[in-house]
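This report concerns only the one structure given below.
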Amino acid sequence: MYLESAVQFTSPYNGKVLSELLNMSVSFSWTFSGDFDFVTWGLKSRDTNDVNVTLVSLTKAGPVSVSIPSSYVGRVSGEWNNSTSPGEATFTLTSIELEDSAFYACRITPSDLSSDVTDFVELFVKGKHFYI
């Protein structure tokens with residue numbers, strides 16, 4: 001008997017643009033199914049479809065320590081609910097800065113180490129304007 005273990009997103013952002021205000025917090029949530037071991041969240045460049053700067057890495061056992069850029073220290077976190085199927089991972093970025101406008105990606109790595117699956121979202125940070 002062959003069991004399908006294909007990993008897939010069931011609620012992808014699929015490259016959508018989200019706008020948030022300066023100094024606020026934003027949470028990105030991805031729901032996915034299949035047999036997988038790692039969930040990684042971070043920055044991606046416009047030209048690739050993969051995480052090129054890891055901000056948060058999670059396993060079924062918990063978070064994995066990663067070295068992140070100093071501008072993100074203390075402002076990123078992640079949580080993986082792997083007790084249900086499908087699973088869900090939520091990543092949070094706090095105290096948003098204008099420089100946080102970027103592409104953010106979620107990558108899931110299948111247990112059988114076949115090809116990773118990646119989905120991304122573009123964050124556009126809007127500044128507050130004060131008029132006198």
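Ser67 meets each of the listed conditions (1) in contact with a strand residue (DSSP E or B) (Cβ under 8 Å, 6 or more places away or on another chain); (2) modelled with pLDDT of 90 or more apart from (1). The number of residues in region 7-17 that are surrounded by 14 or more Cβ atoms within 10 Å (Cβ to Cβ) and more than 16 Å from Asn82 (Cα to Cα) comes to 2.
Only one entry in Leu93, Leu58 is in contact with a strand residue (DSSP E or B) (Cβ under 9 Å, 6 or more places away or on another chain) and either in contact (Cβ under 8 Å) with a residue 60 or more places away in the chain or under 23 Å from Gly127 (Cβ atoms) (or both), namely Leu93. With the structure loaded, tell me whether Lys16 is closer than 17 Å to Phe91 by Cα, at pLDDT below 90 and out of contact with any helix residue (DSSP H, G or I) (no Cβ under 7 Å at 6 or more places or on another chain) or whether it fails that test. So Lys16 fails the test. Of the candidates Tyr72, Tyr104, Tyr13, the single residue that is closer than 22 Å to Gly127 by Cβ, touching a Phe, Trp or Tyr at 6+ places or on another chain (Cβ under 7 Å) and not small (Gly, Ala, Ser) is Tyr104.
The values are calculated or read from the model by the stated rules, or taken from the named source; none is laboratory data. Nothing here was measured: the structure is a model prediction, and the numbers come from that model. Reconstructed Cβ throughout: ideal geometry from the backbone, glycine too, with neighbour counts over all protein chains shown.
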